[in-house]
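Below: the structure, in structure tokens.
Here, each number is a calculation from the coordinates, and none is a lab measurement. What you are looking at is a predicted structure, and each value in this text was computed from that prediction instead of being measured. Here the Cβ positions follow ideal geometry from the backbone for every residue, glycine too, while neighbour counts run over all protein chains shown.
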Amino acid sequence: MLVNISDAALHLGYSSRSTVSRLLRAGLLSHYERPGGIGRERLLETQPEGLPTLRERVQSVTQIRYDSPLWKREHQRSEPVELEQLGDEELAAFCDEHLNDEALAAAMAPITAWCDAQRSPSWEQVAEVANGYLDLSCWAAPPWSGEQWNTLAMVLELAQEAATDQ
């Protein structure tokens, strides 16, 4: 779904657009921007294919706050459960409902997706990209100068980023 910044803020539960605007300025939501806005309007995709949802992305780059609407679950209890007052069977049922493997997997899914996205590319891909950047005929065997090591470090960093994007 395409939304403008104000609608994105409402979608995320914010009362103003300042947080979404700040994240856009910082470049943290650049993969969610889409063309097609009228004038200076910026549009965001809430559920882009191949990426976490906009909500999950904003959650991953903002601080967890108990009073933030972004972090409230839609099916929260209206009244807190006093665990001390539950009997053994009731406590066991409560734990089975809230601490089971499915609940843990659902809670960890955004973190796992983010971790998977941060993984390094294979070194074979990095080597292929780096070799394309360097003219190997100009590079004699080591020892190299400080300037050559600096160039090599920059090429390696660029090759890792390019291989990750592939």
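Summing -39500 (n - 2.57) over the DSSP H runs of n ≥ 4 in the chain and dividing by its residue number, what mean residue ellipticity at 222 nm do you reach, to the nearest 500 deg cm²/dmol?
-15500 deg cm²/dmol
Which of the GluC sites (Glu not before Pro) across the range 1-74 are loop residues per DSSP, with 15 or fewer other Cβ within 10 Å? Intermediate results must be reported in sequence, preceding the final value.
Numbers: sites: E33, E41, E45, E49, E56, E74; in loops: E41, E49, E74.
Qualifying residues, ordered by number: E41, E49, E74.
Per 0.36 nm of contour for each residue apart, how much would the distance between D96 and S137 grow if the chain were fully extended, relative to their Cα-Cα spacing?
8.3 nm
Below 8 Å, C-alpha to C-alpha, sequence gap of six or more: please give me the relative contact order for the range 83-166 in percent.
39 percent.
Enter the angle in degrees (range 0 to 90, nearest 10) between the Cα long axis of helix 146-165 and the first principal axis of the Cα atoms of the chain, meaning the one along which they spread out most.
Approximately 50 degrees, to the nearest ten.
Farthest toward the dipole's positive end in the chain, which of L136, T53, G27, given Cβ charges of +1 (Lys, Arg) and -1 (Asp, Glu) about the Cα centre?
G27
Run the numbers on the chain and let me know its relative contact order in percent, using alpha-carbon pairs under 8 Å that are six or more apart.
16 percent
What size of dipole, in debye to the nearest 20, comes out for the chain about its Cα centre when the only charges are +1 on Lys and Arg C-beta atoms and -1 on Asp and Glu C-beta atoms?
1140 debye
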